[in-house]
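Data first, discussion second: the structure below is written as C-alpha cells.
The values are calculated or read from the model by the stated rules, or taken from the named source; none is laboratory data. Keep in mind that this is a model prediction, so the values were computed, not measured. Virtual Cβ from ideal backbone geometry, glycine too; neighbours counted across all protein chains shown. Only protein heavy atoms, including side chains, enter the accessible area calculation; ligands, DNA and RNA are left aside. Shrake-Rupley method; radii C 1.70, N 1.55, O 1.52, S 1.80 Å.
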Amino acid sequence: MSTLNIPSAFPEPVIVPRAEHGISRAQISPSALKVLYRLKDAGFAAYLVGGGVRDLLLGREPKDFDIATDAHPEEVRALFRNCRLIGRRFRLAHVRFGSEIIEVATFRAPHDGAEDEGAGELSEDGRILRDNVYGTFEQDAWRRDFTVNSLYYNIRDFSVVDHTGAMADIAEGQMRLIGDPQVRYREDPVRMLRAVRFAAKLGFRIEEASEAPIFELADLLFDIAPARLFDEVLKLLHGGVALETFEQLRRYGLFRSLFPLTERALEREDQGFPMTFIARALENTDRRITEGKPVTPAFLFAVLLWEPVRLRTAELVAEGMGEIPALQVAAAEVTSEQLRHVAIPKRFSLPMREIWTLQPRFAQRRGKRVARLLAHPRFRAAYDFMCLRAAVGDGDPELCAWWTQLQETDASGQEELLQQQTAAEPARKRRRRPRKRARKPGPDA
Ligand code: ATP
Ligand code: MG
C-alpha cells in the first residue's frame, strides 16, 4: 500500500543532454568533481543532485554540492580516506577536503509502509522517524521534496536527468511538492518551511496544490524537534532574503510555531514599532549577507524576541518589581519558553540575554559605569540593538547619539563627554527618584 501519490510504475525520466543545458564542470567545485569521478571509476552511479543542480540551472552559485550514488555508505567510505559516516535519522557519507565537505547519500526508497524492520520508520501520524531504506535511482528522485530539488547531473555523460517534470517547474518559476502534498507535509512538516525558504530565495511561487495545505497543516511544526528547527530557522534567516521570508512565514501561519510569543505580541501591535524593529533588523541582515559580512544569530534572536521580553517586563513592573530585576526575569522566562520550540544553543542564547539585560545600562552614563559598559564583550551588539530600538521609537535617540559620539571621539573628547554627563546627571536623578533610599549612598555609589 503506497502512502505516496506517485506513479506505481515510474515514467521514463527525461534526459537533457549536455548541449541543451547550461551546467558546465567549471562551475562545480573541484572536490565534488573528484568524488563524482572516483565513484564513477569504481563502477557506481554518481550524480550531483538537489540544490546544486537547481542553482546552477538558475545561474546562481550553489551553497553546497550534494552527491547521490548507488554505492552504500560503507562502500563510499572504502573509496575515500577522508570520509566519515554520519547521521542516524539519515545516514550519509561526508567526504572532507580541507574545510569543504561533500555529502554523499545513497539512493533512498520512499516510505511505503513495507520497509525493512528498523531501517525506515514512520510515526503513527505518518512522520518519518528514520530514513535509511535504500532504493533505486527512480525511487530516490520521487522521495525528494520539491520537483526543482530532484534534478540529477550525471557525471558519465554530463546530462541532466529529470524524473518529475522539474525542468518545466524551473521554467515556470514554481515550487511543486512531489506526490500528494498533504501526505508529504505530514511525513515531514519541515517541508513547509523549505517551501517558503526556497520560494523567497529563488523568487519562485509555491504552486497552488502545494500551497493550499500549508495554512491548515502549519501547526504540525509544533511537533518537530527544537534542535532541528534551530537549524531551519538559521537557514530561513541567513538566506539573504530574511525579511521576505519572515513576512511569508507569518502569512502562512508558520511563524507562530517557531516564535509563538513573538507572533502573539505582533498580533497585538501589528504595524507598530515592534514590526518596524524586526523589519529593520532583517533588512540589515540581508544587506550584510549580500555584502558577505558576518551576521550573529544572537542579535537576530534578541530582536525577534524583544517585544515579548518588553511586554513581560512591563507586566512585572506593573506588579511592583523594579525595572532591572523585571527585565532579568522576563529575559529568563521568554528564553525558556522559546527553547521549547527552537533550541537556541547556549553560545547564542547567553549573548542574546546579555544584549537585553545591558539595555538599561546605556542610560547610566557616569564615570566608571561607562568604561565598564564599553569594555563589555557584548557592548557592540547591545549598542547596535539600542540604536535600532531608538530609531523605531523604542528608546531615546539622544542616547544612541551620545554613545556613538563617545566611540568616535578620542580620549580627551571622551573625557569631556563624560564630564558634561556627570554634571547633568545628579540633578536629573533627584528629580526623577524622590524616594528616600535614592539619596542614601548605595554600595557602588
Ligand atoms: P540549499 O543547500 O541551497 O539550502 P538544497 O536543495 O540543496 O538547498 P538541502 O537541505 O541541502 O537542500 O538538501 C539536499 C536535497 O535533499 C534537496 O535538494 C532535496 O532533494 C533533498 N531533501 C532535503 N530535505 C528534504 C526533506 N525534508 N524531504 C525530502 N527531501 C529532502
Ligand atoms: Mg544543499
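Could you list, in sequence order, all residues of segment 46-76 that are near ligand 2 (Cβ under 9 Å from one of its atoms) and of a type in the set (G, A, S)?
Those that are near ligand 2 (Cβ under 9 Å from one of its atoms) and of a type in the set (G, A, S): G50, G51, G52.
Show the residue pairs that are 6+ apart or on different chains and have beta-carbon atoms under 7 Å apart, the first residue being within segment 130-144 and open to solvent by 20 Å² or more (accessible area, probe 1.4 Å) and within 16 Å of ligand 2 (Cβ to nearest atom), the second being part of a loop (DSSP other than H, G, I, E, B) and at pLDDT 95 or above.
Cβ pairs passing all conditions: R144/S150; R144/I178.
Among all residue pairs at least 6 apart or on different chains, which show Cβ distances below 7 Å where the first residue, located in segment 55-67, is touching a residue at least 24 places away in the same chain (Cβ under 8 Å) and the second is open to solvent by 40 Å² or more (accessible area, probe 1.4 Å) and within 11 Å of ligand 1 (Cβ to nearest atom)?
D66/E103; I67/E103
Which one of the conditions (1) within 30 Å of Y185 (Cβ to Cβ); (2) of a type in the set (F, W, Y); (3) more than 28 Å from the chain's Cα centre (by Cα) does Y37 fail to meet, given that it meets all the rest?
(1)
If F90 meets every condition in (1) under 18 Å from S150 (Cβ atoms); (2) open to solvent by 90 Å² or more (accessible area, probe 1.4 Å) apart from one, which number is that one?
Condition not satisfied by F90: (2).
Just give me the residues in segment 25-37 being crowded, with 16+ Cβ neighbours inside 10 Å and in a helix (DSSP H, G or I), in sequence order.
Our first condition is that a residue be crowded, with 16+ Cβ neighbours inside 10 Å; within segment 25-37, this holds for 28-29, 31-33, 35-36.
S31, A32, L33, V35, L36 - these are the residues of segment 25-37 that are crowded, with 16+ Cβ neighbours inside 10 Å and in a helix (DSSP H, G or I).
Could you pull out the residue among A343, A381, A332 that is surrounded by fewer than 20 Cβ atoms within 10 Å (Cβ to Cβ) and not in a helix (DSSP H, G or I)? So that I can check it myself, show each step before the final result.
On the way: A381 fails: not in a helix (DSSP H, G or I); A332 fails: not in a helix (DSSP H, G or I).
The match here is A343.
Does segment 52-60 contain any residue that is open to solvent by 30 Å² or more (accessible area, probe 1.4 Å) and of a type in the set (D, E)?
Scanning segment 52-60 turns up no residue that is open to solvent by 30 Å² or more (accessible area, probe 1.4 Å) and of a type in the set (D, E).
Could you go through segment 297-316 and let me know if any residue there is open to solvent by 70 Å² or more (accessible area, probe 1.4 Å) and at pLDDT 95 or above. Give the steps one after another, and end with the answer.
Residues of segment 297-316 open to solvent by 70 Å² or more (accessible area, probe 1.4 Å): 315.
In the following step, the residues that additionally are at pLDDT 95 or above were identified as 315.
Yes: one or more hits.
Considering each residue of segment 1-31, count those that are within 19 Å of F137 (Cα to Cα) and modelled with pLDDT of 95 or more, and give that number.
Summing the residues that are within 19 Å of F137 (Cα to Cα) and modelled with pLDDT of 95 or more in segment 1-31 gives 5.
Please go through segment 261-275 and give me each residue that is of a type outside the set (D, E, K, R) and modelled with pLDDT under 95, ordered by number.
Here is the first cut: in segment 261-275, the residues of a type outside the set (D, E, K, R) are 261-262, 265-266, 271-275.
A265, L266, Q271, G272, F273, P274, M275, listed by residue number.
Go through segment 346-366 and report how many residues are small (G, A, S) and either surrounded by 14 or more Cβ atoms within 10 Å (Cβ to Cβ) or not in a helix (DSSP H, G or I) (or both).
1
Taking the condition assigned to a helix (DSSP H, G or I), surrounded by 13 or more Cβ atoms within 10 Å (Cβ to Cβ) and modelled with pLDDT under 95, does E415 pass?
Working: assigned to a helix (DSSP H, G or I): yes; surrounded by 13 or more Cβ atoms within 10 Å (Cβ to Cβ): no; modelled with pLDDT under 95: yes.
Here the answer is no, as E415 does not meet what is asked.
Would you mind telling me which numbered condition in (1) more than 16 Å from ligand 1 (Cβ to nearest atom); (2) open to solvent by less than 30 Å² (accessible area, probe 1.4 Å) A19 fails?
Only one criterion is unmet by A19, namely (2).
Can you tell me which condition T147 does not meet? The list is (1) within 27 Å of T290 (Cβ to Cβ); (2) within 12 Å of ligand 1 (Cβ to nearest atom); (3) free of Cβ contacts under 8 Å to residues at least 40 places away in the same chain, and all the others hold.
Among (1) within 27 Å of T290 (Cβ to Cβ); (2) within 12 Å of ligand 1 (Cβ to nearest atom); (3) free of Cβ contacts under 8 Å to residues at least 40 places away in the same chain, the lone unmet condition for T147 is (1).
Pick from T404, T422: which is at pLDDT 90 or above, among the β-branched types (V, I, T) and part of a helix (DSSP H, G or I)? Before the answer, list the steps.
Values: T422 fails: at pLDDT 90 or above.
Only one candidate passes the filter, namely T404.
Kindly provide the set of residues from segment 229-269 that are among the β-branched types (V, I, T) and within 18 Å of V342 (Cα to Cα), ordered by number. Quick ask: steps written out before the conclusion?
Within segment 229-269, the subset among the β-branched types (V, I, T) is 233, 241, 245, 262.
Matches in segment 229-269: V233, T245, T262.
Of (1) within 20 Å of G253 (Cβ to Cβ); (2) of a type in the set (D, E); (3) open to solvent by less than 40 Å² (accessible area, probe 1.4 Å); (4) without any contact (Cβ under 8 Å) to a residue 60 or more places away in the chain, D169 satisfies all except one. Which?
D169 satisfies every listed condition except (1).
So, V95, is that one within 16 Å of ligand 1 (Cβ to nearest atom), modelled with pLDDT of 95 or more and either within 18 Å of F137 (Cα to Cα) or not in a helix (DSSP H, G or I) (or both) or not? I'd like the intermediate steps shown before the answer.
Numbers: within 16 Å of ligand 1 (Cβ to nearest atom): yes; modelled with pLDDT of 95 or more: yes; either within 18 Å of F137 (Cα to Cα) or not in a helix (DSSP H, G or I) (or both): yes.
Yes.
Specify the residue that is surrounded by the fewest Cβ atoms within 10 Å (Cβ to Cβ); the eligible residues are those in segment 182-232 that are away from ligand 2 (no atom under 16 Å from the Cβ) and β-branched (V, I, T).
Among them, the one singled out is V183.
Consider segment 44-85. How many of its residues are within 14 Å of ligand 1 (Cβ to nearest atom) and assigned to a strand (DSSP E or B)?
Residues that pass the stated criteria total 7.
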